[in-house]
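The values are calculated or read from the model by the stated rules, or taken from the named source; none is laboratory data. Since we're looking at a predicted model, the values are computed, not measured. Heads up, the Cβs are rebuilt from the backbone with ideal geometry, glycines too, and the neighbour counts pull from every protein chain shown.
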Amino acid sequence: MLKVENISFGYTKSKVLDHIDFVLEKGENLAIIGESGSGKSTLLKLIYGEYDLKEGHIYWNGKEILGPKYNLVIGYDFMKSVTQEFDLMPFTTVEENIGKFLSNFFPEEKQKRTNELIKVVELEAYAKIKVKNLSGGQKQRVAIARALAKEPEILLLDEPFSHIDNFKKQSLRRSIFNYLKEKKITCIVATHDKNDVLGFADEMIVLHNSKIIAKDKPQQLYNNPKLPLIASFFGEFNIIEPIGIVYAHQLKIVEHSDLKAVVKQSYFNGNSWLIEADFNSRSIFVELVSEIKKDSIIYLKIEN
Ligand code: ADP
Ligand code: MG
């Protein structure tokens with residue numbers, strides 16, 4: 001179990017994180033979300049032991065995680081972290097990078113393990129390629145495989161799929177997160193992408209103004225976002241009084257209602273259209289299956 005106990009931290013006098021407190025059970029997947037600059041990476045670095053805390057404590061299975069003031073070498077064997085700087089060996093191959101920390105005493109085991117990890121990050125075709133010749137996304141995948149090589153108990157991922165294109169992203173996410181679940185590896189993912197969270201995270205934390213402003217299961221926060229900041233993470237929404245936050249897909253067109261709007265523009269969204277309409281001189285967003293001509297008058301109803 002990871003225990004983050006009332007921690008506060010700042011690089012300067014101002015606090016980047018203020019009284020952050022949560023626990024995470026073994027094998028759970030926790031997503032940390034928040035706007036850019038909200039302290040997601042800082043929180044991961046503190047959990048990794050990269051900085052000394054100003055206040056509070058962090059424990060993994062009862063063992064306190066300490067910063068550089070107390071540790072000559074940063075980090076612990078049971079924890080791996082994949083940051084935005086991948087820290088790979090550019091002039092050696094993908095498989096050598098992944099196998100770097102595996103024992104050479106059992107070459108067959110080493111090769112088997114390396115192959116298994118190459119498969120998890122879907123880099124089979126690149127095993128013998130030098131890392132310097134890979135794209136940013138491919139490097140990111142090598143870094144993840146390398147972090148997993150010695151099977152850590154806890155894995156910290158900082159925006160792990162940010163460099164990976166959409167062609168690969170979906171299947172890679174499933175592959176990695178399923179692997180972590182199967183091996184019961186505890187995982188914390190800092191992200192700004194709801195697709196990293198919705199199908200995978202057991203719990204989700206929202207950081208804002210140095211504090212945790214929400215913590216719950218993704219389904220709960222999605223269904224009951226409470227704050228515009230939380231809703232905005234999941235999708236297009238409106239604030240319609242007295243109800244409050246209403247997602248664009250919760251609005252339906254009806255014959256007649258009090259919610260009368262004039263269509264301004266339609267945006268193609270793949271399996272739907274996002275319609276921007278004027279409602280009492282404010283924009284209202286509606287998700288529909290087809291586009292609607294500009295200046296059409298529509299009547300809307302909120303559906304749950
Ligand atoms: P996020 O990952 O959510 O984008 P960060 O944790 O990187 O946020 O940054 C949180 C705040 O701390 C930002 O205001 C950022 O400018 C500041 N910050 C991050 N790293 C450093 C550093 N090494 N020195 C000083 N300030 C930093
Ligand atoms: Mg960051």
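Here are the numbers for the structure shown:
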item	result
Residue among Asp158, Asp165, Asp202, Asp258 that is within 16 Å of ligand 2 (Cβ to nearest atom) and acidic (Asp, Glu)	Asp158
Some residue of segment 238-251 being outside the structural domain of Asn6 (by TED's automatic domain parsing), farther than 30 Å from Glu116 by Cα and either of a type in the set (Asp, Glu) or within 18 Å of the chain's Cα centre (by Cα) (or both)	yes
Count - residues of segment 91-115 that are at pLDDT below 95 and in a loop (DSSP other than H, G, I, E, B)	7
From Phe9, Phe78, residue being among the hydrophobic types (A, V, I, L, M, F, W, C) and in contact with a helix residue (DSSP H, G or I) (Cβ under 9 Å, 6 or more places away or on another chain)	Phe9
Of all residues making up segment 233-251, the number that are of a type outside the set (A, V, I, L, M) and outside any strand (DSSP E or B)	8
Elements of type strands (runs of 3 or more DSSP E) in segment 254-304, at least 3 residues being hydrophobic (A, V, I, L, M, F, W, C) and within 18 Å of Glu236 (Cα to Cα)	259-268, 273-279, 282-288
Per-region count, segment 13-44, residues within 12 Å of ligand 1 (Cβ to nearest atom) and either within 17 Å of Phe78 (Cβ to Cβ) or out of contact with any strand residue (DSSP E or B) (no Cβ under 9 Å at 6 or more places or on another chain) (or both)	5
Members of segment 166-214 found to be of a type outside the set (Val, Ile, Thr) and within 16 Å of ligand 1 (Cβ to nearest atom), listed by number	Ala190, His192, Asp193, Lys194, Asp196, Met204, Leu207, His208, Asn209, Ser210, Lys211, Ala214
Looking only at segment 276-301, and only at residues there that are within 30 Å of the chain's Cα centre (by Cα) and touching a residue at least 24 places away in the same chain (Cβ under 8 Å), the one that is nearest to Ile240 (Cα to Cα)	Ile284
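Listed here are the residues, each with its yes/no results for (1) among the charged types (D, E, K, R); (2) out of contact with any strand residue (DSSP E or B) (no Cβ under 6 Å at 6 or more places or on another chain).
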site	(1), (2)
Ile205	no, no
Ser210	no, no
Asn238	no, no
Ala248	no, no
Glu255	yes, yes
Asp258	yes, yes
Lys264	yes, no
Val286	no, no
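So that you can scan it fast, the table gives a plain yes or no per residue for (1) farther than 30 Å from Gly62 by Cβ; (2) touching an Asp or Glu at 6+ places or on another chain (Cβ under 8 Å); (3) within 16 Å of ligand 1 (Cβ to nearest atom):
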site	(1), (2), (3)
Asn104	yes, no, no
Glu116	yes, no, no
Arg141	yes, yes, no
Asp158	no, no, yes
